[in-house]
Amino acid sequence: MGFVKRWDVRQICNEIGRCSAELNSPYNDGFVQWGAKKDLYEIKFFLDNILINSPKFAVEDQYLLDKEKEKLISILKNDIQ
């Protein structure tokens, strides 16, 4: 029996994107915006803890380096995400 992936990265990113939209909406007050930012911090802390306690893989350093290069290129093109 094979592995069944029970999560969807695109859906998770969409949910986080919705939270970001509320955080950055000029129509929300500071209480709503702070609540959204606090939720994003909770997700960050949760992920940081998982990643720190996870195994290291041979291809991981190259993957992270490639992602940093992509980010740098976006910044240089003024296409910040």
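The values are calculated or read from the model by the stated rules, or taken from the named source; none is laboratory data. Here the structure is a predicted model, which means the values were calculated and not measured. Neighbour counts are summed over all protein chains in view; Cβ atoms, including those assigned to glycine, are modelled from backbone coordinates with ideal geometry.
Taken over the range 71-81, the criterion of being over 20 Å from I16 (Cα atoms) and either among the aliphatic types (A, V, I, L, M) or surrounded by fewer than 10 Cβ atoms within 10 Å (Cβ to Cβ) (or both) is satisfied by L72, I73, I75, L76, K77, N78. Select, from D61, D48, the only residue that is surrounded by 10 or more Cβ atoms within 10 Å (Cβ to Cβ), part of a helix (DSSP H, G or I) and more than 12 Å from the chain's Cα centre (by Cα). It is D61.
Counting only residues that are part of a loop (DSSP other than H, G, I, E, B) and loosely packed, with under 10 Cβ neighbours inside 10 Å, the range 9-28 holds 2 of them.
A quick yes/no check of all residues on (1) at pLDDT 95 or above; (2) of a type in the set (S, T, Y):
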| site | (1), (2) |
| --- | --- |
| F3 | no, no |
| I16 | yes, no |
| S20 | yes, yes |
| V32 | yes, no |
| A36 | yes, no |
| D39 | yes, no |
| E42 | yes, no |
| N53 | yes, no |
| I73 | no, no |
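Of all residues in the range 20-32, those that are within 19 Å of K44 (Cα to Cα) have Cβ atoms under 6 Å from Cβ atoms of residues that are small (G, A, S), 6 or more apart or on another chain, in E22/A36; L23/A36.
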